[in-house]
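For reference, the structure is listed below as structure tokens.
The values are calculated or read from the model by the stated rules, or taken from the named source; none is laboratory data. Everything numeric here is computed off the predicted structure, so don't read it as measured data. Cβ placement follows ideal geometry from the backbone for every residue including glycine, while neighbour counts extend to all protein chains displayed. Surface accessibility is based on the protein's heavy atoms, side chains included, excluding ligands, DNA and RNA. Shrake-Rupley method; radii C 1.70, N 1.55, O 1.52, S 1.80 Å.
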Amino acid sequence: MTPDLFTPDGHRDDAGRVTDGQVAKSVRHMLSEDRTRELLGIQVDSATEGRARARMRVRPDMVNGHAVVHGGLVFALADTTFACAVNSFGPPVVTASADIAFRRPGRLGDDLVAEAVTRSWQGRSVLCEVTVRRGDDVIAEFSGRGVRIVAADGKPSAGTDPVPGSLSGRAGHEEHRVRPTGADTDAVDGPAVPGHAPGL
């Protein structure tokens, strides 16, 4: 039986949970179509039950005129990790808004590791935090809000708000107190995406 990941107020209650080596089927499917992840060489280590970890090595074409990694690429790593965490439940989720605070510069050759944890889920709205590190140094802290896509016939609806007339992503007083249906987690041996080599 799957444990209840959220308390009655919609927040997580599983601090310290480890998900090494597991990537949910829903995330593997999402990543199989993600060409940006391939372009940036982002490798997903784990993504299940609302948590995810991914990594990216800073290449020469990723540094700016100040010899530090471009902030947009750090954001891309964090956002990718966010997407893996919130989509690990099964139903498709997209980023609605996000904030990032850059704490230290990343430099050429750095191995950046991002870790995401889903903090709360209410209605169609989900909150997730991501920390990007280089070893013990915190490079950036990212906080994102996602919304579950309204699906028709199993395909995401295009060009519509998740909740008509609202950007909040909430539907009345609906609240997730348990993991959304459709969640699946299978351990993955090797690359997160079958047939794709991990990023360099």
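Within the stretch 100-107, the presence of at least one residue that is farther than 12 Å from Ala140 by Cα and either out of contact with any strand residue (DSSP E or B) (no Cβ under 8 Å at 6 or more places or on another chain) or not β-branched (Val, Ile, Thr) (or both) is confirmed.
Residues in the stretch 55-84 that are more than 28 Å from Trp121 (Cα to Cα), in a helix (DSSP H, G or I) and open to solvent by 50 Å² or more (accessible area, probe 1.4 Å): Pro60, Asp61. Against the criterion of being closer than 18 Å to Gly144 by Cβ, out of contact with any strand residue (DSSP E or B) (no Cβ under 6 Å at 6 or more places or on another chain) and without any contact (Cβ under 8 Å) to a residue 12 or more places away in the chain, Gly72 qualifies. Can you tell me which residues in the stretch 31-44 are surrounded by fewer than 23 Cβ atoms within 10 Å (Cβ to Cβ), touching a Ser or Thr at 6+ places or on another chain (Cβ under 9 Å) and at pLDDT 95 or above? Residue satisfying the conditions is Leu40 alone.
Within the stretch 75-113, can you find the residues that are of a type in the set (Gly, Ala, Ser) and within 19 Å of Gly146 (Cα to Cα)? Don't jump to the end; show me each part of the working.
So the first thing to find is which residues in the stretch 75-113 are of a type in the set (Gly, Ala, Ser), and the list is 76, 78, 83, 85, 88, 90, 96-98, 101, 106, 109.
Of everything in the stretch 75-113, those that are of a type in the set (Gly, Ala, Ser) and within 19 Å of Gly146 (Cα to Cα) turn out to be Ala76, Ala78, Ala83, Ala85, Ser88, Gly90, Ala96, Ser97, Ala98, Ala101.
Matching residues to (1) open to solvent by less than 20 Å² (accessible area, probe 1.4 Å); (2) within 12 Å of the chain's Cα centre (by Cα); (3) on the phi < 0 side of the Ramachandran plot:
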| site | (1), (2), (3) |
| --- | --- |
| Val86 | yes, yes, yes |
| Ala96 | no, no, yes |
| Ile100 | no, no, yes |
| Arg103 | no, no, yes |
| Asp110 | no, no, yes |
| Val113 | no, no, yes |
| Ala116 | yes, yes, yes |
| Glu129 | no, yes, yes |
| Gly135 | no, no, no |
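Taking the numbered list (1) open to solvent by less than 20 Å² (accessible area, probe 1.4 Å); (2) closer than 17 Å to Gln43 by Cβ in turn, Ser125 passes all entries but (2).
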